[in-house]
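Have a look at the structure below before the remarks.
Values in this text are rule-based calculations from the coordinates and carry no lab data. Predicted model, so just to flag it, every value in this text is computed and none were measured. Please note: Cβ atoms are built from the backbone with ideal geometry, for glycine as well, and neighbour counts cover all protein chains shown.
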């Protein structure tokens, strides 16, 4: 439970005293104060050889933006998933917490009879990020039922829509099943996404028709006897990829070593390696190459299971951007944009046979920020482009976010550069003070309380569930994490020893690869911020 009052104050003050005694580089002088300044504590933390060669930035302010402490706060850092602070704040402010997204099935063509369609059946994507087995609302680990209930079918909403089609009386479709994601231009990968991310689910392609986070899970099960081949199954059970399986069952207690490969554009996945005979099934998540095509194939399978005959194929319908991709993304995304009223939603053509409406935006944002879901952030960026820009492209979404952050939140336009909505692009750059300025602006808005609770809570949930697990920090920190290659970031709000809430942003770039020393130093800095104020 959160600490409050005198007990929290005593514990935070104790942290200050212990830090003063234990931090290296601070002389113990009985005549001098035993409480080092925040600047001294940060200097001592960053003097550790394990982190001293990295590039660090820190910004601390009051809720109303009064500076408290700064280190390299005007220098650029790779924000990683701290980029989602920009994207989700803009979505909350511009789209609104109750915004929802509707997926439809429409009939194109004519009815030869009431039961026979001469034409295509079209699954029209509305940009819903949660057509999956995900359950709502988001619950922290301590709130989740134990034992955990069985996972829901990832195609549950698509199945419900297939039921609606069957209930309409349709029996024969003399045409194709079309997956239509034309709400957004076919712009699946922002600039500088790593090619290895696009194979796994971290970099699933962006599509207005997203099913199960555009991910297929391959479950690999060892044989009972070493030396025999392992078996594999797909979830969702849609025959989209062909699988080349070269995984042997190893001796009990041996290591699991599995590698996955898929050539870009290919539908053949190669899995190789070993898994011990006593191991639990291993799950490898694969990005779906063309989400709209996959969705069409899944719907065709569901319709046929309900006795509806389909004579055609499952195909995708994409839309290219109105104009070719700009040669200079920066110039295009920096073009001025007046944020007036949002555009109305466009109704699809054809007779509507089935619909599914998403959960409200605020519930979707809870999942996005808590677990740092990259694809969802990209979908919100594209929705912003649809509602306020010229189209729902990556560059138009970035342009809308930039306009919001500069004209409404008052962030210096030279303090950030965005190439996507999630932070997966290595081209993204943000200064710590830009994050601090946006966090301060958010604190003045009517949507702030709802948006703040989408951030992970220290020691409690999301990507901070295992960090800050003890008093006095547990439950007194709301912050967005970020990790990408040799960059890490943590920005948000922290309750302090004096009872105030401060804004902070701690960012590091070019730290030593594959180490957590920078994360540990970051957490010490945030704890020092709380204790010293």
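So for 88, 483, fewest C-beta neighbours within 10 Å to most, what's the order?
Going from least to most buried by this count: 483, 88.
Between 0 and 90 degrees, rounded to the nearest ten: what's the tilt of helix 432-442 against the longest Cα principal axis of the chain?
Helix 432-442 and the main axis of the chain meet at about 70 degrees.
With contacts defined as alpha carbon pairs under 8 Å and 6 or more residues apart, what's the relative contact order of the stretch 228-337 in percent? Walk me through the numbers on the way to the answer.
Working: 120 pairs, mean separation 22.1, N = 110.
Once normalised by length, the contact order is 20 percent.
Mind pulling the angle between the C-alpha long axis of helix 361-371 and the longest principal axis of the chain? Nearest 10 degrees, somewhere in 0 to 90.
60 degrees
Find the eigenvalues of the gyration tensor of the Cα atoms of the stretch 205-358, then list the square roots of 5 times those eigenvalues as equivalent ellipsoid semi-axes, largest first, in whole angstrom.
On the way: eigenvalues 316, 109, 38 Å².
For the stretch 205-358, the ellipsoid semi-axes come out as 40, 23, 14 Å.
From the square roots a ≥ b ≥ c of the eigenvalues of the alpha-carbon gyration tensor of the stretch 103-191, which class results: rounded (a/c under 1.5), prolate (a/b over b/c), or oblate?
Numbers: a/c = 4.03, a/b = 1.66, b/c = 2.43.
Oblate shape, in that a/c is at least 1.5 and b/c is the bigger or equal ratio.
List the relative contact order of the chain as a percent without decimals, with contacts defined as Cα pairs under 8 Å and 6+ residues apart. If you can, show how the numbers build up before the last one.
On the way: 1210 pairs, mean separation 128.1, N = 533.
Worked out over the chain, it gives 24 percent.
Using 1/(1 + (r/R0)^6) with R0 = 56 angstrom and r between the beta carbons of residue 192 and residue 113, what's the FRET efficiency to the nearest 0.05? Mind showing how you got there, number by number?
On the way: r = 53 Å, r/R0 = 0.95.
For R0 = 56 Å, the calculated efficiency reads 0.60.
In the stretch 212-287, what percentage of the DSSP-assigned beta bridges are antiparallel, given to the nearest 5? Walk me through the numbers on the way to the answer.
Numbers: 17 of 26 bridges.
Percent antiparallel among DSSP bridges in the stretch 212-287 is about 65.
Tell me, 401, 110, 457 in order of fewest to most beta-carbon neighbours within 10 Å? Let's see the in-between values first.
Working: 401 27, 110 10, 457 22.
In order of increasing Cβ crowding within 10 Å: 110, 457, 401.
Taking every pair of distinct Cα atoms and averaging 1/r, then inverting, what Kirkwood hydrodynamic radius in Å comes out for the stretch 212-287?
Working: mean 1/r = 0.0791 Å⁻¹.
For the stretch 212-287, inverting the mean 1/r across all distinct Cα pairs yields 12.6 Å.
Beta carbons within 10 angstrom, averaged per residue: use that to sort the peptides 155-161, 225-231, highest first. Provide the component values of the computation, followed by the final result.
Numbers: 155-161: 18.9, 225-231: 13.6.
The most tightly packed comes first, giving 155-161, 225-231.
Of all DSSP beta bridges located in the chain, what percent are antiparallel, nearest 5? Please report the intermediate quantities before stating the final value.
Numbers: 62 of 83 bridges.
Just about 75 percent of them are antiparallel.
For the chain, take the longest principal axis of its alpha carbons; what is the angle in degrees between that and the long axis of helix 394-403, to the nearest 10 within 0 to 90?
Approximately 40 degrees, to the nearest ten.
Determine, at each q value in 0.08 (inverse angstroms), the log₁₀ of I(q)/I(0) that the Debye formula gives when each Cα of the chain is one equal point scatterer.
Results for the chain at q = 0.08 Å⁻¹ read -0.58.
What number, in nm² with one decimal, is the all-direction average of the projected area of the convex hull of the alpha-carbon atoms of the stretch 48-144? Before the final figure, lay out the partial values.
Details: hull surface 54.6 nm².
Mean orientational projected area (the stretch 48-144, Cα hull): 13.6 nm².
If I stretch the segment between residue 142 and residue 498 completely, what's the gain in nm (0.36 nm per residue apart, minus their alpha carbon distance), one decimal? Could you put the intermediate results ahead of the total?
Working: separation 356, 0.36 × 356 = 128.16 nm, distance 2.82 nm.
Full extension of this stretch gives 125.3 nm more.
Going by a ≥ b ≥ c, the root eigenvalues of the Cα gyration tensor, does the stretch 400-533 fall in the rounded group (a/c under 1.5), the prolate group (a/b larger than b/c) or the oblate group? Walk me through the intermediate numbers first.
On the way: a/c = 1.79, a/b = 1.15, b/c = 1.56.
Oblate shape, in that a/c is at least 1.5 and b/c is the bigger or equal ratio.
Compare the peptides 268-274, 177-183 by average per-residue count of other Cβ atoms within 10 angstrom and give them in order, highest first.
Numbers: 268-274: 17.1, 177-183: 24.7.
Order by mean packing, descending: 177-183, 268-274.
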